[in-house]
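Student: First the structure, then my questions, so here it is.
The values are calculated or read from the model by the stated rules, or taken from the named source; none is laboratory data. All values derive from a computational prediction rather than experimental measurement. Virtual Cβ from ideal backbone geometry, glycine too; neighbours counted across all protein chains shown.
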Amino acid sequence: MLKRSEKVAEYELPIKIEAQKTGGYVVTCPVWKDCYAQGDTVEEATLEITAAAQSLIELYKEEDLPIPLKPLKNKRLDNPLILPVIVTA
């Protein structure tokens with residue numbers, strides 16, 4: 001539980017999911033060549049690319065590099081985080 005208000009940034013992460021012939025999935029971001037991941041399922045692959053994007057954003061900020069994603073509005077969180085849950089239909 002958050003004890004104080006935290007400022008967070010939200011980015012739009014476009015992705016492309018490709019099934020692999022040998023099994024599993026590769027997920028890439030068409031606007032960010034450094035951002036890609038793989039997983040055995042679509043859910044695992046999307047979670048992996050989300051984690052990769054989070055790490056890359058932190059690294060790019062530390063190195064003062066431009067982040068090639070569209071930023072969404074910055075928010076202040078006074079309540080617990082609400083996370084999206086993505087599953088196959």
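Student: List the number of the failed condition for LYS3; all other conditions in (1) loosely packed, with under 15 Cβ neighbours inside 10 Å; (2) over 20 Å from LEU72 (Cβ atoms); (3) at pLDDT 90 or above; (4) not aliphatic (A, V, I, L, M) hold.
Tutor: That leaves (3) as the condition not met.
Student: If LEU47 satisfies every condition in (1) modelled with pLDDT of 95 or more; (2) part of a helix (DSSP H, G or I); (3) hydrophobic (A, V, I, L, M, F, W, C) but one, which is the exception?
Tutor: Among (1) modelled with pLDDT of 95 or more; (2) part of a helix (DSSP H, G or I); (3) hydrophobic (A, V, I, L, M, F, W, C), LEU47 violates only (1).
Student: Go through ALA9, ALA89 for me and flag whichever is surrounded by 11 or more Cβ atoms within 10 Å (Cβ to Cβ) and at pLDDT below 90.
Tutor: ALA9
Student: If I ask for residues that are free of Cβ contacts under 8 Å to residues at least 24 places away in the same chain and touching a Ser or Thr at 6+ places or on another chain (Cβ under 6 Å), which ones from segment 28-44 would you list?
Tutor: Within segment 28-44, just TYR36 meets the criteria.
Student: Can you tell me which residue is farthest from the chain's Cα centre (by Cα) among those in segment 16-36 that are over 21 Å from PRO71 (Cα atoms) and not in a loop (DSSP other than H, G, I, E, B)?
Tutor: Out of the qualifying residues, it is ALA19.
Student: If a residue must be surrounded by 10 or more Cβ atoms within 10 Å (Cβ to Cβ), part of a loop (DSSP other than H, G, I, E, B) and at pLDDT below 90, how many such residues does segment 50-86 contain?
Tutor: 3
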